[in-house]
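Before any comments, here is the structure.
The values are calculated or read from the model by the stated rules, or taken from the named source; none is laboratory data. Because the structure is a prediction, the values reported are computed rather than measured. Cβ atoms come from the backbone with ideal geometry, glycine included; neighbour counts cover every protein chain shown. The protein model used for the area step is the full one, side chains on, heavy atoms only, and it has no ligands, DNA or RNA in it. Shrake-Rupley method; radii C 1.70, N 1.55, O 1.52, S 1.80 Å.
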Amino acid sequence: MRFKLMMVLMFVATAVFAQEGFKGEHFIEVTGTAEQEIDPNEITVLIRLREFEENRQKTSLEKLDQDFLAALKNAGIDKKRLELADAGSNIGKFGRKDKEAFRVKSYNLKLSSGAELEKFLEKLEPVKVDLVNIVKVTHTEIEKLKLDLKVKALQAAKAKATTLLTAIGGEIGKTLMVREWEEPVQPMYTANVMYKAESYDGDAGGVVDQQSETPFKKIKLRSQIAAQFEVK
């Protein structure tokens, strides 16, 4: 598995020297920060199929479902990665009888990369889907990566303390305190959204085509650690 990583070690806080600290010891307090960008390898996509009328001809949910599954196969994506999200709902206009209502069916699909998503959307283009929406973007090892980043932030804090003390002829001693701040994952899942919707006007038989998409972004992780070290 290849990650495109960008690691930035930053020292963010001002060193603090004090005469009183833990057990009356002299100490220095610093803050270390580490950042990393990774490509997501787990992308959850919502696909919604909806019956519609065009030129007074109704396209059934069964036909849309068949076309969608064919597009999935053409994209080389295993059907096992598809999960039924919702089915059997009736979306009809006010006053329509149940038999004339438009049925909908929704799937959740898990993809492993932006390239796979792009290929899937390409094969899906001929299918008249109602909505395609990216609902979650993450990485299967994100918790491990966040923990590794915390270690690097703590190492950065210790390196800063060592550098500052060496500059004044001091020496770093034992660790007295470590405090971390929880940093939100950026961008949040809602910021990584792309949708393509085609709305069908049942009365006029026309097609209203709406498309909007935002650039697919990397997941940005950040960890910040404050630490106090004894001054020998």
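Assorted remarks:
- Residue tally, condition over 25 Å from the mean Cα position of the chain (by Cα) and surrounded by 14 or more Cβ atoms within 10 Å (Cβ to Cβ), over segment 42-57: 5
- Residues of segment 118-138 satisfying the condition of being among the acidic types (Asp, Glu) and open to solvent by less than 80 Å² (accessible area, probe 1.4 Å): 130
- Applying the condition of being in contact with a Leu (Cβ under 7 Å, 6 or more places away or on another chain) and of a type in the set (Lys, Arg) to segment 100-117 and asking which residue is least open to solvent (accessible area, probe 1.4 Å) yields 105.
- Residue count, segment 139-158 (criterion: open to solvent by 50 Å² or more (accessible area, probe 1.4 Å) and in contact (Cβ under 8 Å) with a residue 60 or more places away in the chain): 7
- Hey, residue 15 among the small types (Gly, Ala, Ser), touching a helix residue (DSSP H, G or I) at 6+ places or on another chain (Cβ under 6 Å), surrounded by 12 or more Cβ atoms within 10 Å (Cβ to Cβ) and modelled with pLDDT under 55 or not: yes
- Segment 61-76, residues that are open to solvent by 90 Å² or more (accessible area, probe 1.4 Å) and more than 9 Å from residue 123 (Cβ to Cβ): 62, 63, 66
- Selected residue [over 17 Å from residue 47 (Cα atoms) and modelled with pLDDT of 55 or more] from 98, 86, 78: 98
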